Structure formats: C-alpha cells, structure tokens
Amino acid sequence: MSVIIAPSVLSADFANLQRDIEMINNSEADWFHVDVMDGVFVPNISFGFPVISAIKRHAKKPLDVHLMIVQPERYIQQFKDAGADILSVHIEASTHLHRSIQQIKQVGMQAGVAINPHTPVSSLSEVIADIDLICMMSVNPGFGGQKFIERTYAKISELKEMILKSNSKAKIEIDGGVDLKNASALLKAGADVFVAGNTVFSSKDPVETIRVLKATTV
C-alpha cells in the first residue's frame with residue numbers, strides 16, 4: 001500500500017481557499033489535513049466550525065481533523081457535524097483519553113491520538129489497539145514551517161513495533177517538516193501518512209509535488 005498524502009490546509013491561501021481545495025481534489029492526495037488550534041493548548045488560533053463546514057462542502061476526500069485544543073471531548077459531536085471523518089485528540093490534552101476515543105467512534109468517525117515531540121510513544125500502550133491513527137508531531141505544534149525533529153525516526157520505529165505487537169490497525173501519521181528530502185526515510189522507518197503543508201503549498205507546482213510524495217518508495 002502506498003503512502004497516504006494529507007496536505008495541510010493551514011498552509012493554503014485563505015483568500016483562495018476554494019481554489020486550493022479544488023487543487024487537492026484534483027491531485028493524488030488522499031486526505032485533507034485540518035489543524036484546529038485554540039490559542040490555549042498551542043500559541044496560535046486557526047479554524048472553527050464554519051470554516052471546516054465550508055471545506056467539507058467542496059472537499060471530495062476525507063477530512064483528517066487534528067485538534068490542538070484543551071478539553072477536546074466537549075466538541076466531538078460538533079466536529080462530526082462540521083464534516084470531520086477522522087478526529088485526532090492530543091494525549092497531552094485529554095484527561096480521559098479512552099473515553100474520548102470511544103466518543104469519537106460512537107458518533108461515526110475514525111479515532112486518532114496525537115502526541116507531541118517530547119511525549120514517549122509508550123504512553124500510547126493502553127489505547128494503541130483502540131485507535132485508527134497516531135498523529136506524531138515531528139515539530140512543536142502550533143505553527144507551520146518549522147524544522148523537522150530528527151529524533152522522530154527512532155520514535156516511528158518504536159511505535160511501529162508497538163503496533164505490530166498489539167495487532168493494532170493504527171496508521172502512523174507524520175505531521176511537521178515532511179518534505180521531498182526526508183519522505184523516503186520516513187516511509188522506511190514505518191510512517192503511513194504524510195502531512196505536507198509548506199512543502200505542497202509553497203511549491204511552484206503543488207499537484208506535481210503531491211504526485212512525487214505519493215510515489216515515495218524506500
């Protein structure tokens with residue numbers, strides 16, 4: 001199975017959002033990655049429900065929504081209603097993580113858990129068999145365009161081993177600093193999903209850049 005490409009809408013041109021959504025629709029990308037930030041869990045603020053709903057109206061591919069917010073359990077149904085297909089909550093922000101995962105699945109979404117660079121993958125051991133996606137932050141969350149953290153490769157390998165041992169079906173998603181130079185090494189380490197923001201949207205030919213990422217091999 002080839003790698004899943006999820007362009008990050010956070011890096012799109014907000015004044016031409018429909019144009020960029022159509023570009024993703026017409027590319028080889030698989031998902032839309034939508035970052036939601038509250039200015040509390042991370043020092044930035046991004047999309048709310050109206051924008052997600054607007055993206056959903058035009059998107060022809062699943063919405064992979066990444067919540068960088070405190071108390072995400074308060075809004076699970078609202079994100080479903082806005083159009084999320086996959087919903088990831090941060091382990092650092094979820095006091096009752098297992099309950100949140102259950103709630104996400106109960107309303108009909110795939111459940112993901114995101115982890116920050118400093119968080120050990122062993123912290124996922126109690127929920128690894130229950131989730132569909134692990135969003136591994138390879139930069140500190142909150143802003144696009146940051147430098148990739150090299151320690152990520154070892155964490156991917158460690159997480160992949162956990163997934164295999166637990167017979168989990170979870171995919172490993174890498175979020176932050178993914179580019180054409182490190183894509184092959186990420187795939188080799190065990191990544192399944194590439195979130196690509198600046199790499200796609202700052203490219204002269206975003207559709208071609210997505211095609212090249214999609215064609216990544218070890």
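The values are calculated or read from the model by the stated rules, or taken from the named source; none is laboratory data. Just so it is clear, the structure is predicted and the values come from calculations on it, not from any experiment. As a convention, Cβ positions derive from the backbone with ideal geometry for all residues, glycine included, and neighbour counts pool all protein chains shown.
Which numbered condition trips up Leu180, out of (1) under 19 Å from His90 (Cβ atoms); (2) assigned to a loop (DSSP other than H, G, I, E, B); (3) of a type outside the set (D, E, K, R); (4) at pLDDT 95 or above?
Among (1) under 19 Å from His90 (Cβ atoms); (2) assigned to a loop (DSSP other than H, G, I, E, B); (3) of a type outside the set (D, E, K, R); (4) at pLDDT 95 or above, Leu180 violates only (1).
Tally up the residues in the range 131-160 that are in a loop (DSSP other than H, G, I, E, B), polar (S, T, N, Q) and touching a strand residue (DSSP E or B) at 6+ places or on another chain (Cβ under 7 Å), please.
Matching residues across the range 131-160 total 1.
Working carefully through the options Ala196, Ala185, find the one that is surrounded by 16 or more Cβ atoms within 10 Å (Cβ to Cβ) and of a type in the set (A, V, I, L, M, F, W, C).
Ala196
Consider the range 1-59. How many of its residues are of a type in the set (Phe, Trp, Tyr), at pLDDT below 95 and either more than 22 Å from Gly142 (Cβ to Cβ) or part of a helix (DSSP H, G or I) (or both)?
Within the range 1-59, residues that are of a type in the set (Phe, Trp, Tyr), at pLDDT below 95 and either more than 22 Å from Gly142 (Cβ to Cβ) or part of a helix (DSSP H, G or I) (or both) number 1.
Restricting attention to the range 66-113, report how many residues are polar (S, T, N, Q), touching a strand residue (DSSP E or B) at 6+ places or on another chain (Cβ under 6 Å) and over 18 Å from Gly142 (Cα atoms).
Residues that pass the stated criteria total 2.
Starting from the range 21-36, take each residue that is surrounded by 20 or more Cβ atoms within 10 Å (Cβ to Cβ) and list its partners that are assigned to a loop (DSSP other than H, G, I, E, B) and of a type in the set (S, T, N, Q), counting only C-beta distances under 7 angstrom and pairs at least six apart or across chains.
Filtered contacts from the range 21-36: Asp35/Ser46; Val36/Ser46.
For the range 102-130, how many residues are of a type in the set (Val, Ile, Thr), part of a helix (DSSP H, G or I) and over 24 Å from Ser53 (Cβ atoms)?
2
Taking into account only those residues within the range 88-122 that are closer than 17 Å to Met68 by Cβ and among the polar types (S, T, N, Q), which is surrounded by the fewest Cβ atoms within 10 Å (Cβ to Cβ)?
Thr95
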